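The values are calculated or read from the model by the stated rules, or taken from the named source; none is laboratory data. Remember, it's a predicted structure, so these values are computed and weren't measured experimentally. Cβ atoms come from the backbone with ideal geometry, glycine included; neighbour counts cover every protein chain shown.
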Amino acid sequence: MLRNRTNVVVALGLALSLAACKGGAGGGTTAAASAATASLPDNTAVVVGINVSSLAGSALYKKYKDKLPGEFSKGLDDMKSACGLDAEKDLKSVVIGMGPEGGEPTGMIVNGNFDKAKATKCVIELGKKDGKTITATEEGKLTAFKTEGEDKIEYAYFISGDTVLISKDKDAITAIADGKGKGVSAGVKEMMDKADKGASLWYAGDVSKMDLPMPLPAKPVAGWGSAKVDSGVSASGGIRFASDADAKSVADMAKQQLDAVKKQDMPPQIKKALDSVKVGQSGKDVTFSGEVGDDLISMAISMGM
């Protein structure tokens, strides 16, 4: 059930971020992000945060909204007609937890202008638009959503009046609802503390068990990053390695490759973006930052990228 219409929340955030080339202004930590440390299941290794309010309010999103795929607009229209929710205004922030090897989310936290009754009705009505029958059953502090013809059950727990945790793991979400959840690990929390959780898009976590398609001389063990969207995109973050030596080898390689690319002939929009890229090292961490302007985004869209 949450893989489909309810996850339009996730689709919205991701589509907004992609529309802005993954990168408004930051600000304070969002409500969903504030709840994430204690309220995501303890098997969460990587956390992704989406500041929907920031993205929907950005100049880039407003400029390129009409160029998004038709499914995106349909998802927004369906939420409005079925739920009475304007996703761009009523959804505020989303946080998604992933397991050590990726795969299905361990949990998702959504904050917005809705309450339990409205959210429950929304899930059922969106199911109907997909031709599915969804029933909602109260099980103590949880609401269980069962889709006819499917085995898995999705559970929802309202952390507060306008913030809900969603997970398939009944034991984990029950522990959290009962105040017995452990929350994310200390290592994941450390990475989350480094990320700008008020940015348009952010991520943090332990990637040591993930098979990452990164041709690096050393394997990353953790990382964090954020992207802010307004009239352009600015990104920053870091990658942690097992040792200072590993971090140095990666930072040196990145700097060499960046310098080599900068010497090539290229459009001024790309050169401007590359000139903004900075790579550094601090102990076991390789840090990075850079900016992409609307001029490069416009060029990419005109080329069908």
Q: Could you give me the residue pairs with C-beta distances under 6 Å whose first residue belongs to region 194-213 and is over 17 Å from S289 (Cβ atoms), whose second residue is surrounded by fewer than 21 Cβ atoms within 10 Å (Cβ to Cβ) and aliphatic (A, V, I, L, M) wherever it lies, and which are 6+ apart or on separate chains?
A: S208/V221
Q: May I ask you to verify whether K128 is modelled with pLDDT of 90 or more, in a helix (DSSP H, G or I), surrounded by fewer than 15 Cβ atoms within 10 Å (Cβ to Cβ) and touching a helix residue (DSSP H, G or I) at 6+ places or on another chain (Cβ under 8 Å)?
A: yes
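Given the structure, is D246 over 21 Å from M98 (Cβ atoms) and surrounded by 15 or more Cβ atoms within 10 Å (Cβ to Cβ)? Steps first, please.
Details: over 21 Å from M98 (Cβ atoms): yes; surrounded by 15 or more Cβ atoms within 10 Å (Cβ to Cβ): yes.
Judged against the criteria, D246 is a match.
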Q. In region 266-290, what residues are hydrophobic (A, V, I, L, M, F, W, C) and part of a helix (DSSP H, G or I)?
A. I270, A273, L274
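For the structure I just gave you, tell me whether P100 is surrounded by 18 or more Cβ atoms within 10 Å (Cβ to Cβ) and under 17 Å from the mean Cα position of the chain (by Cα). I'd like the intermediate steps shown before the answer.
Numbers: surrounded by 18 or more Cβ atoms within 10 Å (Cβ to Cβ): no; under 17 Å from the mean Cα position of the chain (by Cα): yes.
So P100 does not fit the description; no.
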Q.
Here's a check for you: in region 167-185, which residue that is in contact with a Phe, Trp or Tyr (Cβ under 7 Å, 6 or more places away or on another chain) and either of a type in the set (A, V, I, L, M) or farther than 21 Å from N43 by Cα (or both) is surrounded by the fewest Cβ atoms within 10 Å (Cβ to Cβ)?
A. A177
Q. Which one of K209, K194 is within 17 Å of the chain's Cα centre (by Cα) and surrounded by fewer than 22 Cβ atoms within 10 Å (Cβ to Cβ)?
A. K194
Q | Any pair with Cβ under 9 angstrom, 6 or more apart, that starts in region 64-88 at a residue that is surrounded by 13 or more Cβ atoms within 10 Å (Cβ to Cβ) and ends at one that is aromatic (F, W, Y) and at pLDDT below 85 | A | K65/F72
Q. Counting just the residues of region 183-207 that are assigned to a loop (DSSP other than H, G, I, E, B) and out of contact with any Gly (no Cβ under 9 Å at 6 or more places or on another chain), which one comes out nearest to Q256 (Cα to Cα)?
A. S185
Q) Within region 109-125, how many residues turn out to be in a strand (DSSP E or B) and either closer than 14 Å to Y157 by Cα or of a type in the set (A, V, I, L, M, F, W, C) (or both)? A) 3
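Which ones in region 217-243 are assigned to a strand (DSSP E or B) and not small (G, A, S)?
Looking only at region 217-243, we keep the residues that are assigned to a strand (DSSP E or B), and these are 222-229, 233-240.
W224, K228, V229, V233, I239, R240, listed by residue number.
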(Q) Of the conditions (1) modelled with pLDDT of 95 or more; (2) crowded, with 16+ Cβ neighbours inside 10 Å; (3) under 26 Å from V48 (Cβ atoms), S282 satisfies every one except a single condition; which number is it? (A) (2)
Q | Within region 212-243, considering residues that are surrounded by fewer than 23 Cβ atoms within 10 Å (Cβ to Cβ) and of a type in the set (S, T, N, Q), the one farthest from G283 (Cα to Cα) | A | S231
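Can you go through D230, D244 and tell me which one is modelled with pLDDT of 95 or more and closer than 28 Å to V279 by Cα?
Details: D230 fails: modelled with pLDDT of 95 or more.
Exactly one of D230, D244 is modelled with pLDDT of 95 or more and closer than 28 Å to V279 by Cα, namely D244.
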Q) What is the one condition in (1) more than 18 Å from I173 (Cβ to Cβ); (2) at pLDDT 90 or above that V94 does not satisfy? A) (1)
Q: Go through region 44-62 residue by residue and tally those that are at pLDDT below 95, assigned to a loop (DSSP other than H, G, I, E, B) and closer than 19 Å to W224 by Cα.
A: 1
Q. On the given criteria, is I173 assigned to a helix (DSSP H, G or I), more than 26 Å from N51 (Cβ to Cβ) and among the hydrophobic types (A, V, I, L, M, F, W, C)?
A. no
Q.
Just to be sure I understand, how many residues within region 149-188 are closer than 30 Å to K228 by Cα and out of contact with any strand residue (DSSP E or B) (no Cβ under 9 Å at 6 or more places or on another chain)?
A. 3
